[in-house]
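Let me begin by presenting the structure, written as structure tokens, before commenting on it.
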Amino acid sequence: MSQTAHGRLVAAGGLVEPASEARQLAATVVGRIVKMNLEEGSHVAAGDVIAEIENDDLKAQLAGAEAALAARANELARLKAGAREQEISAAKAELREADAVAANAGSAFDRRTALGVKQIVSKEAVDQARADRDTAEARRDLLAQRLSLLVAPPRSEDVAIAQANLDGARAHLAEMKAQIEKTIVRAPIDGVILKLYHRAGETVSNLPPTPIATVGDTSHLRVRADIDEADVAEIALGQTVWVTADAFPGKRFRGSVEQIGVQLGRKNFRNDNPDERIDTKILEVMIGLEPGVQLPIGLPVDIKADPAQIYPKLSDAGKVLIGNTETVFKNTLSR
């Protein structure tokens with residue numbers, strides 16, 4: 001802590017990070033990296049492919065799944081559409097021919113029957129005429145049934161089976177796409193590749209997950225600071241904070257408190273001071289830096305904040321109106 005005309009300054013350590021937080025991307029499958037598309041420092045858009053893990057076998061299965069889906073879709077479409085007009089026309093023509101043959105066979109049988117009664121033709125000739133008639137009529141009936149099937153709508157159970165087959169093929173295709181997507185490492189946000197951990201040809205695993213890259217949005221930076229438990233009352237949202245770093249002597253950067261933690265915890269950062277207490281509890285605070293500030297990600301920094309900003313000046317009566325509540329502040333708070 002240091003003293004000012006207004007009282008003490010809150011001082012703490014912190015690290016620079018992207019406002020979006022650094023996103024570490026890890027492998028979700030076991031395999032060999034076959035392609036690394038970008039380098040550290042490259043700008044990426046959400047969805048850009050950073051790395052690809054071997055997946056030739058999955059791509060082959062995907063092609064098979066796409067073919068199966070197309071076949072199932074055609075089966076259902078053909079079932080719903082029914083027979084083609086040409087098929088129906090041909091069936092009708094065959095039925096007309098069969099009708100004519102059956103009629104002719106029936107007339108021939110009648111004539112031979114009459115001649116048989118007069119014993120002009122033999123009984124065998126009459127029997128042959130009867131067989132020819134019956135055969136012609138049977139063929140006519142068969143063709144009539146075929147035409148009826150061609151023009152009838154498909155059975156609901158057949159449509160249901162074809163639809164189920166199509167749904168199964170579609171689900172299998174989606175599964176294969178999901179399997180392939182697991183082999184592709186994409187940028188989750190617009191940002192910059194902060195770190196690459198592997199190169200093409202190296203093997204990665206998902207047990208435990210192997211880090212492949214870290215991505216962050218560096219267009220807006222913030223500082224993750226450890227506020228000592230004794231100073232938590234001196235920090236408020238919107239409070240101005242000044243950030244300095246040994247790497248930038250003589251410079252300071254403006255920021256403001258954007259987020260205050262709700263639970264005390266252990267220190268996130270350590271300095272080189274041997275007298276530093278490590279058992280002190282801290283409250284994590286996020287400080288947004290002004291737009292345009294460019295600092296290396298992970299840079300250790302110091303922050304200073306003036307608690308006087310968060311205490312309203314007392315009026316002559318020692319009172320101030322906050323919202324709808326009139327609050328009396330003790331003179332000890334005026335510092």
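A few comments on the model shown:
- From the options ASP141, ASP127, ASP99, residue that is farther than 30 Å from PRO154 by Cα and either free of Cβ contacts under 8 Å to residues at least 12 places away in the same chain or in a helix (DSSP H, G or I) (or both): ASP127
- Only a single criterion out of (1) surrounded by 17 or more Cβ atoms within 10 Å (Cβ to Cβ); (2) at pLDDT below 90; (3) within 22 Å of HIS172 (Cβ to Cβ) is not satisfied by LEU79, namely (1).
- Being more than 30 Å from ASN206 (Cβ to Cβ) and touching a helix residue (DSSP H, G or I) at 6+ places or on another chain (Cβ under 6 Å) holds for only one residue in LEU62, LEU76, and it is LEU76.
- Test: residue in segment 27-34 that is more than 30 Å from PRO296 (Cα to Cα) and assigned to a helix (DSSP H, G or I): no
- So VAL121, is it among the aliphatic types (A, V, I, L, M), touching a residue at least 12 places away in the same chain (Cβ under 8 Å) and surrounded by 14 or more Cβ atoms within 10 Å (Cβ to Cβ): no
- Filter pass, THR203 being hydroxyl-bearing (Ser, Thr, Tyr) and crowded, with 16+ Cβ neighbours inside 10 Å: no
- GLU52 vs. criteria assigned to a strand (DSSP E or B) and closer than 20 Å to MET176 by Cβ: yes
- Qualifying residue in segment 162-182 (condition: of a type in the set (Lys, Arg) and touching a Ser or Thr at 6+ places or on another chain (Cβ under 9 Å)): yes
- Extreme residue, nearest to the chain's Cα centre (by Cα), among residues of segment 183-222 that are of a type in the set (Ser, Thr, Tyr) and more than 30 Å from GLN259 (Cβ to Cβ): THR183
- Of all residues in segment 56-66, none satisfies being charged (D, E, K, R) and crowded, with 17+ Cβ neighbours inside 10 Å.
- You will find that of ARG72, ARG23, the residue that is touching a Ser or Thr at 6+ places or on another chain (Cβ under 9 Å), among the basic types (Lys, Arg) and surrounded by 12 or more Cβ atoms within 10 Å (Cβ to Cβ) is ARG23 and no other.
- The residues of segment 211-220 that are surrounded by fewer than 16 Cβ atoms within 10 Å (Cβ to Cβ) and assigned to a strand (DSSP E or B) amount to a single one, PRO211.
- Test: residue in segment 197-216 that is in contact with an Asp or Glu (Cβ under 6 Å, 6 or more places away or on another chain) and either in the same structural domain as GLY255 (by TED's automatic domain parsing) or in contact (Cβ under 8 Å) with a residue 40 or more places away in the chain (or both): no
- Condition met for GLY82 (of a type outside the set (S, T, N, Q), in contact with a helix residue (DSSP H, G or I) (Cβ under 9 Å, 6 or more places away or on another chain) and at positive phi): yes
- Residue among VAL223, VAL257, VAL241, VAL232 that is over 30 Å from ARG32 (Cα atoms), part of a helix (DSSP H, G or I) and either free of Cβ contacts under 8 Å to residues at least 60 places away in the same chain or among the aliphatic types (A, V, I, L, M) (or both): VAL232
- Residue in segment 157-165 that is hydrophobic (A, V, I, L, M, F, W, C), within 30 Å of ALA81 (Cβ to Cβ) and touching a residue at least 40 places away in the same chain (Cβ under 8 Å) present: yes
- Identity of the residue in segment 232-261, among the charged types (D, E, K, R) and within 41 Å of the chain's Cα centre (by Cα), that ends up nearest to THR280 (Cα to Cα): GLU258
- Screening VAL34 on (1) under 30 Å from LEU207 (Cα atoms); (2) surrounded by fewer than 14 Cβ atoms within 10 Å (Cβ to Cβ) shows it passes everything except condition (2).
The values are calculated or read from the model by the stated rules, or taken from the named source; none is laboratory data. Computed from a predicted structure; not experimentally measured. Neighbour counts run over all protein chains shown; Cβ positions are idealised from the backbone, glycine included.
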